[in-house]
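These notes are about the structure you will find just below.
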C-alpha cells in the first residue's frame, strides 16, 4: 500500500508535538507493509540533512517542498479575500499546491495522510482515500489564547478562531477519517462526527530505556520542560516564577527551579535573573534531567491537545504536579498518579508535601510510571493509525 504522508515540517529532530508524532509513527510502522512517501515543507536547507539521515531507512522516498517567506506572506493576505484561516493560507500558496499535485500524480498513492488542518487545502480535492491528523483543535487554542492577549492580538485571534472553526468542520466532510490526540478537545469542540477518532500519543521512555541512567543521583530540583516559545508554556512559567516560586524559595533555599526547553523567548530568559531559577534552553537528553529532579511542575493555564511533557515526566518516575489544562489530554490519570493543582495555594501545598515526604515522592514515582507504561505507547498509536487508513480505504 502506498501512503503519501504530508507534514508542515520535517519530523526529525522531533522538538515539537507534531514532529514527535510523525517521527514515532513513521519509525514504528511495520516494515514491508507500506510504501511510505514522506513530503515535508521546509523553510531552509539546514532542515533537510538531519531528517534525511534519520528517516530514510523508513521511507520509500522523502521529498522536501520549500515554504518561502514571500509566498507565506501573500498567503496571509489572501485571507482578506477567501476568508480561510491565516494558518491555512500561509501553507497553501499556488506554488506549493502545484508541487503537491505533481508529487501526487507521480506517486499515485492509495492513502493520503495530512498532518494538521494547516495543510488541508493541498490535496483536499483529490479523489482518493484521505486521512487528516488534526492533533488538536486549533480553533479552541485560538479562542483560549485570545483571552490572554492585548486588544489588537485579541481581535486577530478571535477572527482566526472563527475561521478555523468553520474550516475544521469542513475538513470532517472532505477527509474520510479525522483524528485528535485528546478526547477533551473533541468534547469542547464543534466536531461531533462519527469519522473523528481519538489517537493518544505514546512515549519512547520505558524501563529498558531508563536502565542506562542507574547511576543518576537525585538533586534538589523542581523542573518544567517544554518548547519555550509555545505560548501556554511561556505563560505558565512566567506565572509560576512570579507568583509561586518566591514562597517556595524562601522555605526551601537549597532547591532550584529548572526551566528546560528549546527556543526560550525573552520573557523566559529574563526569569533566570530570579534567585535559584535556571533557564537551560535546549538539552540533548531531557530524560537525564527528569530523572535527576525531585519534582515536576506543569502549571499550564491555557492550551489544547495532549501534553507530551506529562507522559515523559511520569515515565521517568518524576513526582508530578500539574494543572487541569496540562492534564486535559490524559483523561484517565487520577490523584494516585499526579497531584492536581490550579491555584497558588494548591501548588505551594503540593510542593511542600513532596519536598518534605520522601515516601510520598516514591508513591507518585511508582504509580505514575505504572500508569504511563500500561496506557500509552507508540505501538498502540500506530495500531490505531493503521486502522484509520484501512477505514478510509473502505469508505
Select from 42, 260, 217 the residue whose mean-square fluctuation is largest in a Gaussian network model of the chain (Cα-Cα springs shorter than 10 Å).
217
Report relative contact order for segment 207-375 in percent, whole number only (criteria: Cα-Cα under 8 Å, sequence separation at least 6).
22
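What does the extension gain come out to for residue 65 and residue 324, with contour length at 0.36 nm per residue minus their alpha carbon separation?
Working: separation 259, 0.36 × 259 = 93.24 nm, distance 3.83 nm.
My answer for the length gained is 89.4 nm.
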Kindly express, to the nearest 10 degrees and within the range 0 to 90, the angle between helix 231-243's C-alpha long axis and the longest C-alpha principal axis of the chain.
10
Length gained if residue 220 through residue 272 is fully extended, taking 0.36 nm per residue and subtracting the Cα-Cα distance, is 17.0 nm
Anyone know which of 250, 97, 66 comes out most mobile in the 10 Å Cα GNM of the chain?
250
Quick calc: nm separation of the 7 Å Cα→Cβ label points for residue 170 and residue 183 -> 3.2
Report the residue, chosen from 25, 54, 115, that carries the largest GNM mean-square fluctuation when the chain is represented by alpha-carbon nodes joined by springs under 10 Å.
54
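May I ask you to compute the full-extension gain from residue 239 to residue 81, defined as 0.36 nm times their residue separation minus their alpha-carbon distance, rounded to one decimal in nm?
Working: separation 158, 0.36 × 158 = 56.88 nm, distance 3.90 nm.
Net length gain for the segment: 53.0 nm.
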At what distance in nm do the modelled label points of residue 284 and residue 229 sit from each other, each positioned 7 Å from its Cα along Cα→Cβ?
2.3
Give the separation of the Cα centroids, segment 1-68 to segment 365-390, in Å.
21
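Please label the shape of segment 207-375 as rounded, prolate or oblate, based on the square roots a ≥ b ≥ c of the eigenvalues of the alpha-carbon gyration tensor (a/c under 1.5 means rounded; beyond that, a/b larger than b/c means prolate, else oblate).
Details: a/c = 1.26, a/b = 1.22, b/c = 1.03.
Because its axes are fairly even, with a/c under 1.5, segment 207-375 counts as rounded.
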For segment 1-112, max minus min Cα coordinate along each principal axis, in Å, sorted largest first?
46, 30, 21
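Shape verdict for segment 304-376, please, from the Cα gyration tensor: rounded (a/c under 1.5), prolate (a/b greater than b/c) or oblate. Walk me through the numbers before you get to the answer.
Values: a/c = 2.24, a/b = 1.17, b/c = 1.92.
Judged from the Cα gyration tensor, segment 304-376 comes out oblate (a/c at least 1.5, b/c at or above a/b).
When only Cα pairs under 8 Å and 6 or more residues apart are kept, what is the percent relative contact order across the chain?
Values: 722 pairs, mean separation 57.0, N = 395.
Averaging sequence separation for qualifying contacts and normalising by length gives 14 percent for the chain.
Can you sort 102, 168 so the residue with the fewest Cβ neighbours within 10 Å comes first? If you can, show how the numbers build up before the last one.
Working: 102 10, 168 22.
Arranged by neighbour count, lowest to highest, 102, 168 become 102, 168.
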For helix 69-82, what angle does its Cα long axis make with the longest principal axis of the chain, in degrees from 0 to 90 and rounded to 10?
80
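Would you please classify the overall shape of segment 54-95 from the alpha carbon gyration tensor, given that a ≥ b ≥ c denote the square roots of the eigenvalues, rounded means a/c under 1.5, and beyond that prolate means a/b larger than b/c while oblate covers the rest?
Values: a/c = 3.94, a/b = 2.83, b/c = 1.39.
Judged from the Cα gyration tensor, segment 54-95 comes out prolate (a/c at least 1.5, a/b above b/c).
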Per 10 Å bin from zero, what fraction in whole % of the C-alpha pairs of the chain is there, up to the bin with the longest pair?
5, 22, 32, 25, 13, 3, 0
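Please find the FRET efficiency linking residue 73 to residue 359, where r is the Cβ-Cβ separation and R0 is fixed at 56 Å, and quote it to the nearest 0.05.
On the way: r = 57 Å, r/R0 = 1.03.
So the FRET efficiency works out to roughly 0.45.
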Could you tell me how many degrees, from 0 to 90 and to the nearest 10, lie between the Cα long axis of helix 344-356 and the main elongation axis, the longest principal axis, of the Cα atoms of the chain?
60
Where does the chain land at 222 nm, in deg cm²/dmol rounded to the nearest 500, when only DSSP H runs of n ≥ 4 count, each adding -39500 (n - 2.57), divided by all residues?
-14000 deg cm²/dmol
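Can you compute the FRET efficiency between residue 128 and residue 52 using 1/(1 + (r/R0)^6), with r the Cβ-Cβ distance and R0 = 35 Å? Round to the nearest 0.05.
Values: r = 27 Å, r/R0 = 0.76.
It comes out at approximately 0.85.
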From Cα pairs below 8 angstrom and at least 6 apart in sequence, can you work out the relative contact order of segment 287-395, rounded to a whole percent?
26
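A short reminder: the numbers here are calculations on the coordinates, not readings from a lab. Source: prediction; values computed, not measured. Virtual Cβ from ideal backbone geometry, glycine too; neighbours counted across all protein chains shown.
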